[in-house]
Amino acid sequence: MLLRLAFRNLWRNSRRTLLTLSAMVASSALLILALGVFSGMFSDMLASATEQYHGHLVLSRPGYQDDRDMFAHFAADLDLADQLRRRPGVRGASPRLRAFGLVAHGDTTRPAELLGIDPERESQVTSFSRQLIAGRYPQAAEDDAALIGAGLAKKLGVAPGDELVFLTQAADGSLGNDLLTVSGIFQTGAGNRDNGLVLVQLSWLQRLTVLPGKIHELALTIDEPMAAAELAASLKPVLPDGLELRTWGQLLPEMQEVIASYDVSRLILVTILYAATGLGILNTIFMSVLERTREFGILMALGMKPGEVRGLVLLETLVLALISLIIGVAAGIAMTFYMQRVGIDLSPYLSAVTYAGGTLAPRLTAVLDGVNLLVPAAALLLVALAAGYFPARRAARFNPVEALRED
């Protein structure tokens, strides 16, 4: 009977109820969408920092990631790379050798970082093969092929097929120099990589730097980046002595802080948006209670207890919240799914932004995450019940005799 009364009471003033219902639906749907867009931004930033260069886990000599010492190398053990690749949760493992020097074309010379890679293995770890704007990704048989950043290619004035000269110091103290042929040009949106990074064959760079069979790091990519620390701990027993495994959070502490702040940002957004919604719910239920003062007096005179009156008003609030929640969550999922599949391209108005080691592309996307649905749903129910408690408490404290005298 209470549920039937609750439904009837909600629609006694249908205009007011519909206005409140619309506000609740809009707030929950927009909140789900906003959280999805925020998750998409953080996901893109993390992917740009890890899948475009670092990897999720990096195995190297202790201290190498801090100072990039040329002599902090170790043996390029492909069996170890394959062993780690087969571990649950690991998607790829790529050996790398790094050198710094000068690249030249014609009369133009620029400083650059050369990253020696195995093209096939590297494509399992980073996304350079999917970010080409000209030419093609190097093949294993192309010993002198180079994949160059778009900014550096523009400064040097090169295109696919052009030759580059690279000069660096080798491990034996000599000056290493050789020719490279540009096979392709990539663009990540990150200025430090687009303006100064060249990918070359691992074997070619090993010969040039006189480091045969040596690498500086083994980069890994994993299925769950947020679980990198746990996976790193599980891999330590199988790692050779004298090597350390760092997570993306240790390599990019600023990025880790940004990701960690997301829960706080989400709470602030929920609080701000639902504060106004709670006031609307409070107004609707409070006005409904005042309009039915005489009715509550009759019900209490007939034997309804104060607790039952309070429960009736709270049930009305709960019904209103559940209806709006079903519609709002459905609308929020639909909008988030659209943003995930299609997105909004802002490149005509904005350029890519680099922050905390990651790059925000000028395109809005969203991530459909269960937490981003649960938090708005639970928060709306709590806000609705909290807003309905005070009118319910007032209704329960009516004096039946005085309530019956109300017009």
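The values are calculated or read from the model by the stated rules, or taken from the named source; none is laboratory data. A quick note: this is a predicted structure, and the numbers were derived from the prediction, not measured. Backbone-built Cβ (ideal geometry, glycine too); neighbour counts: all protein chains shown.
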Of those in region 63-97 that are among the basic types (Lys, Arg) and modelled with pLDDT under 95, the residue nearest to Leu243 (Cα to Cα) is Arg68
For region 80-87, indicate whether the set of residues that are hydrophobic (A, V, I, L, M, F, W, C) and closer than 14 Å to Val200 by Cβ is non-empty.
-> no
Mind telling me which of the residues Leu325, Leu314, Leu299, Leu320 ends up being of a type in the set (A, V, I, L, M), farther than 25 Å from Tyr274 by Cβ and part of a helix (DSSP H, G or I)?
-> Leu299
Being surrounded by 15 or more Cβ atoms within 10 Å (Cβ to Cβ), of a type in the set (A, V, I, L, M) and not in a helix (DSSP H, G or I), is that true of even one residue in region 72-87?
-> yes
The strands (runs of 3 or more DSSP E) lying entirely within region 107-175 that contain at least 1 residues which are within 29 Å of the chain's Cα centre (by Cα) are 108-117, 132-135, 145-149
Selection count where residues are over 24 Å from Arg15 (Cβ atoms) and among the hydroxyl-bearing types (Ser, Thr, Tyr), scope region 270-323 = 1
Cβ-Cβ below 9 Å, separation at least six or inter-chain, first residue in region 12-24 and over 12 Å from Asn283 (Cα atoms) and in a loop (DSSP other than H, G, I, E, B), second modelled with pLDDT under 80 and not small (Gly, Ala, Ser): which pairs?
-> Arg12/Glu291; Arg12/Arg292; Asn13/Thr284; Asn13/Met287; Asn13/Glu291
Pair list, Cβ under 8 Å, 6 or more apart: region 227-238 residue touching a residue at least 40 places away in the same chain (Cβ under 8 Å), other residue in a helix (DSSP H, G or I) and surrounded by 12 or more Cβ atoms within 10 Å (Cβ to Cβ) = Ala228/Trp248; Ala228/Gly249; Leu235/Leu84; Val238/Gln83; Val238/Leu84
Just give me the residues in region 239-263 being free of Cβ contacts under 8 Å to residues at least 12 places away in the same chain and under 15 Å from the mean Cα position of the chain (by Cα), in sequence order.
-> Gln256, Ala260, Ser261, Asp263
